[in-house]
Amino acid sequence: MRSATRIALGVLFACVLATQAVTPAAAARGTFTFYDDDGGAGIVNPSDNVCYPLGTTIRRVENRTDRQAVLYLSADCVGKSALVLAPRKSRDIKVAAVMFTRTRR
């Protein structure tokens with residue numbers, strides 16, 4: 001009986017660890033819109049920690065997501081960020097890429 005209890009506890013512990021190790025892919029909810037002289041385009045429900053190149057002529061951005069938008073001057077999101085735009089904020093700024101991260105609490 002004692003070994004059956006140990007086995008059951010071991011299986012239970014393994015199941016708890018397995019569910020903790022598997023985390024779903026995180027994504028922002030909402031739309032990030034960016035504008036150049038020809039109009040605008042958007043990214044809907046962008047994934048976290050993915051670099052999104054925007055182009056070279058962007059002049060305005062609107063972050064209508066629930067994540068902060070980290071804006072970069074380089075198209076590959078390398079180097080220091082140009083601005084961290086809070087959720088539901090807009091800004092006139094020239095940028096080349098964006099990456100979304102969870103807002104720190």
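Every number here is computed from the coordinates shown, using simple stated rules; none is lab data. What you are looking at is a predicted structure, and each value in this text was computed from that prediction instead of being measured. With ideal geometry, Cβ positions are generated from the backbone for all residues, glycine too; neighbour counts draw on all protein chains shown.
The table that follows gives values for the structure above.
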| quantity | calculated |
| --- | --- |
| Subset of segment 52-70 [farther than 12 Å from V95 by Cβ and over 9 Å from the mean Cα position of the chain (by Cα)] | E62, R64, T65, D66 |
| Looking only at segment 89-103, and only at residues there that are touching a residue at least 40 places away in the same chain (Cβ under 8 Å) and surrounded by fewer than 18 Cβ atoms within 10 Å (Cβ to Cβ), the one that is farthest from G42 (Cα to Cα) | R102 |
| Segment 76-88: number of residues that are assigned to a loop (DSSP other than H, G, I, E, B) and either more than 17 Å from the chain's Cα centre (by Cα) or surrounded by fewer than 19 Cβ atoms within 10 Å (Cβ to Cβ) (or both) | 9 |
| Residue list for segment 68-80, restricted to those being over 10 Å from F32 (Cα atoms) and in contact (Cβ under 8 Å) with a residue 12 or more places away in the chain | Q68, V70, L71, Y72, L73, S74, A75, D76, C77 |
